[in-house]
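Peer 1: One structure, as structure tokens, below. Some questions next.
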Amino acid sequence: MTALTATNPLKKKWTVGGTVATDVEFREALVEDLIAAEQDANPNLSPNAYTAALAALTIVRAGTYTGPFGPALFNKMPATNFAVVRETMSEANALGEDVPASEKTS
């Protein structure tokens, strides 16, 4: 299986890591990412902090910047861009390679 990613343009420019990003790319989250993000923030009590923690783990790049990423990098991001982050993460998680019906397990 190859790594699948989703990319979307940001609504506003985002300065991150000393560069200006106009788009973001995310990969699908793994269970280990979910567990690590839960250790940073409770998804029920702090959903935005949890999303930032998960985003820091699953972001591939922001513009030409490839990391390192941490949850705090998202703190100064405009809310409209954070909505794009959430949308792109959701799109990445929905991606997948089709499995022929004969290979599916019940």
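Peer 1: For the chain, set up a Gaussian network in which alpha carbons nearer than 10 Å are linked by springs, and say which option among Val20, Val60, Val85 fluctuates the most.
Peer 2: Val20
Peer 1: While we're looking at this one, here's another question. Local charge sum around Ala62 (other residues, Cβ-Cβ under 15 Å, Lys/Arg +1, Asp/Glu -1)?
Peer 2: Values: positive: Lys11, Lys12, Lys13, Arg27, Arg61, Lys76, Arg86; negative: Asp23, Glu25, Glu87.
Residues near Ala62 contribute +4 overall.
Peer 1: Within the set of other residues whose C-beta is less than 13 Å from the C-beta of Ser46, count the net charge using Lys and Arg as +1 and Asp and Glu as -1.
Peer 2: On the way: positive: none; negative: Glu38, Asp40.
Summing Lys and Arg as +1 and Asp and Glu as -1 gives -2.
Peer 1: Would you mind computing the Rg to Rh ratio of the range 21-67 from its alpha-carbon coordinates, Kirkwood style for Rh? Please list the in-between numbers first.
Peer 2: On the way: Rg = 11.2 Å, Rh = 11.0 Å.
My calculation of the ratio gives 1.02.
Peer 1: What do you get for trypsin sites (Lys or Arg not before Pro) in the range 20-84 restricted to DSSP loop and a cutoff of at most 12 other Cβ within 10 Å of the site's Cβ? If you can, show how the numbers build up before the last one.
Peer 2: Numbers: sites: Arg27, Arg61, Lys76; in loops: Lys76.
Loop-located and lightly packed - Lys76.
Peer 1: Taking Cα extents along the principal axes in Å straight from the coordinates, which label in [x] 99, 32, 21; [y] 49, 30, 22; [z] 52, 30, 20 is the correct one?
Peer 2: The listed entry that was calculated here is [y].
Peer 1: Once you list every other residue whose beta carbon is under 14 Å from the beta carbon of Glu91, what net charge do they have if Lys and Arg are +1 and Asp and Glu are -1?
Peer 2: On the way: positive: Arg27, Arg86; negative: Asp23, Glu25, Glu28, Glu87.
Its environment carries a net charge of -2.
Peer 1: Taking the Cα centre of the range 4-89 as origin, sum charge times position over the Cβ atoms of Lys and Arg (+1) and Asp and Glu (-1), and report the length of that vector in debye to the nearest 20.
Peer 2: Details: 7 positive and 8 negative charges, 95 e Å.
Magnitude of the dipole: close to 460 debye.
Read-outs: derived from the displayed coordinates by stated rules, not from any lab. None of these values were measured; they are calculated from a predicted model. Every residue, glycine as well, gets a Cβ built from its backbone with ideal geometry; the counts of neighbours run over all protein chains shown.
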